[in-house]
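Participant: Pasting a structure below so you can have a look.
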Amino acid sequence: MGEHQRGKPSGTHGQIYVEIGICTSMERLWTLSQDPALHPRWDLRFSRIVPTESDDGGTARFRYEFQLPFHTIKGTGTSLGHRMHADGQATSVLKFTTADALSPIGPGSGYWRYIPTADGVRFITGYNYRPGMGILGKMLDGRVIRPALGWATALSFDRLRLWAESDLDPADSRNRWIIDALVRASGLVAAALLLRQALTGHHAAAAAALGATVALASCLLPAHRTVPRAGRCLRHAPDERAGLAPSALAVLPSPDRAGWPAERK
């Protein structure tokens, strides 16, 4: 298999790139990220992944779901993973699509790289897509949807890291993130009330100082090491190789290719 391809991105704003270093074995990381029963437990982009078909070459077809409060987005995908690179690296490529008019993500493709290091594995993803939801989706993609997806991917990668390194269940890390966010939000509300009190003239100096201190603490105090953070990930490729998709992506069949069974409802 060739190493890379230099095709143009399928979207209008360039691919989403996320990278994190994980102190674990290649085998454990491969299992946690490739097992369709385990993958949705840490990845915020999926609620369910169901394998549906595979061929002799290792190409697999799957259905995916993303559950919203009042609607479940459904789509299909194809994937192919390689573990036997001479340099010890592993790669996985995928293509996906959906007919759901409410999905902000249209047809797209992506890749994962697993690069062994002295401390563990560099885990990398790059993916791109055509915006969904018609004109509205195109308007929101660059400023809202794509940044939100990049953040969700990075937060998911840190949840995976905590699971692989410390055996911290993704549900527990999610709860810790929610508690941390609520505490910080409460601190900002308290700071706003204190600063409002300072404007009334009652103990103005003390209220202003305390309000500013609380606001700074809410924003700047680092999260506990067991609280997942998107900021622990790289969001831009540090080298050319990491940002290029494996050549297998170019020949991977699309989910709706003739010969695959129709998507099951």
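Rule-based calculations on the coordinates, nothing more; no lab input. Quantities reported herein were computed from a predicted structural model and do not represent experimental measurements. We place every Cβ from the backbone using ideal geometry, glycine too, and count neighbours over all the protein chains shown.
Participant: When the chain is fully extended, how far beyond the present Cα-Cα distance does ALA250 get from GLU27, taking 0.36 nm per residue of separation? Walk me through the numbers before you get to the answer.
Facilitator: On the way: separation 223, 0.36 × 223 = 80.28 nm, distance 2.61 nm.
Length gained between ALA250 and GLU27: 77.7 nm.
Participant: Also: Quick one: if the Förster radius is 51 Å, what FRET efficiency do LEU193 and ARG241 give, using the C-beta to C-beta distance and rounding to 0.05?
Facilitator: 0.50
Participant: When a/c is below 1.5 the answer is rounded, else prolate if a/b is larger than b/c, else oblate, so apply that to the range 173-220 with a ≥ b ≥ c taken from the square roots of the Cα gyration tensor eigenvalues.
Facilitator: On the way: a/c = 5.30, a/b = 2.98, b/c = 1.78.
Taking the square roots of the gyration eigenvalues as a ≥ b ≥ c, the range 173-220 is prolate.
Participant: Using +1 on the beta carbon of Lys and Arg, -1 on that of Asp and Glu, and nothing else charged, what's the dipole of the range 88-209 about the Cα centre, debye to 20? Don't jump to the answer; show the numbers that get you there.
Facilitator: On the way: 13 positive and 9 negative charges, 96 e Å.
It comes to approximately 460 debye.
Participant: Could you give the length gained by full extension between ALA205 and ALA118, i.e. 0.36 nm per residue of separation minus their alpha carbon distance, to one decimal place?
Facilitator: Details: separation 87, 0.36 × 87 = 31.32 nm, distance 5.31 nm.
Length difference between fully extended and current span is 26.0 nm.
Participant: May I pose another question? Going toward the positive end of the dipole of the chain, with +1 on Lys and Arg Cβ and -1 on Asp and Glu Cβ, which of TRP112, ALA181, GLY211 do you reach last?
Facilitator: Final value for the positive-end residue is GLY211.
Participant: Taking springs between alpha-carbon atoms closer than 10 angstrom, which of HIS236, HIS39, HIS71 fluctuates most in the Gaussian network model of the chain?
Facilitator: Between HIS236, HIS39, HIS71, it is HIS71 that shows the largest mean-square fluctuation.
Participant: Something else: Name the most mobile residue of THR78, THR200, THR24, meaning the one with the largest mean-square fluctuation, in a Gaussian network model of the chain with Cα contacts below 10 Å.
Facilitator: Fluctuation is largest for THR200.
Participant: Quick one: if the Förster radius is 30 Å, what FRET efficiency do ASN175 and LEU216 give, using the C-beta to C-beta distance and rounding to 0.05? Could you put the intermediate results ahead of the total?
Facilitator: Details: r = 26 Å, r/R0 = 0.86.
Computed FRET efficiency for ASN175 and LEU216: 0.70.
Participant: Hey, fewest Cβ within 10 Å first, where do CYS233, CYS23 land in order? Can you show the working numbers first?
Facilitator: Numbers: CYS233 23, CYS23 12.
Ranking CYS233, CYS23 by Cβ neighbours within 10 Å, fewest first, gives CYS23, CYS233.
Participant: Oh, and also: Compute the distance in nm between two label points, each set 7 Å from the Cα along the Cα-to-Cβ direction, one at HIS82 and one at ALA223.
Facilitator: A separation of 3.4 nm, rounded to one decimal place.
Participant: How much net charge surrounds ARG146 when only the other residues with a Cβ under 12 Å from the Cβ of ARG146 are counted, with Lys and Arg +1 and Asp and Glu -1?
Facilitator: Details: positive: ARG130, LYS138, ARG143, ARG235; negative: ASP141.
Taking every Cβ under 12 Å from that of ARG146, the sum is +3.
Participant: Still on this model: Find the relative contact order for the range 88-171 and round it to a whole percent, using C-alpha pairs within less than 8 Å whose residues are 6+ positions apart.
Facilitator: Rounded, it is 22 percent for the range 88-171.
Participant: Excluding GLY120 itself, what net charge comes from residues whose Cβ is under 11 Å from its Cβ, given Lys and Arg +1 and Asp and Glu -1? It would help to have the intermediate numbers written out before the result.
Facilitator: Working: positive: ARG28, ARG122, ARG161; negative: ASP119, GLU165.
Surrounding charge for GLY120 is +1.
Participant: Write out the trypsin sites (Lys or Arg not before Pro) in the range 49-112 meeting two conditions: DSSP loop, and at most 15 other Cβ atoms within 10 Å of their Cβ.
Facilitator: Working: sites: ARG61, ARG63, LYS74, ARG83, LYS95; in loops: ARG83.
Hits after loop and neighbour filter: ARG83.
Participant: Quick check: from the Cα gyration tensor, does the chain come out rounded (a/c under 1.5), prolate or oblate?
Facilitator: Values: a/c = 2.27, a/b = 1.74, b/c = 1.31.
Verdict is prolate for the chain.
Participant: Related question: Round to the nearest 10 and give me the degree value, 0 to 90, for the angle of helix 204-220's Cα axis relative to the longest principal axis of the chain.
Facilitator: 10 degrees
Participant: Moving on. Restricting the calculation to Cα positions, tell me the Rg (one decimal) and the Dmax (whole number) of the range 13-120 in Å.
Facilitator: Taking only Cα atoms of the range 13-120, I get Rg and Dmax of 15.0, 47 Å.
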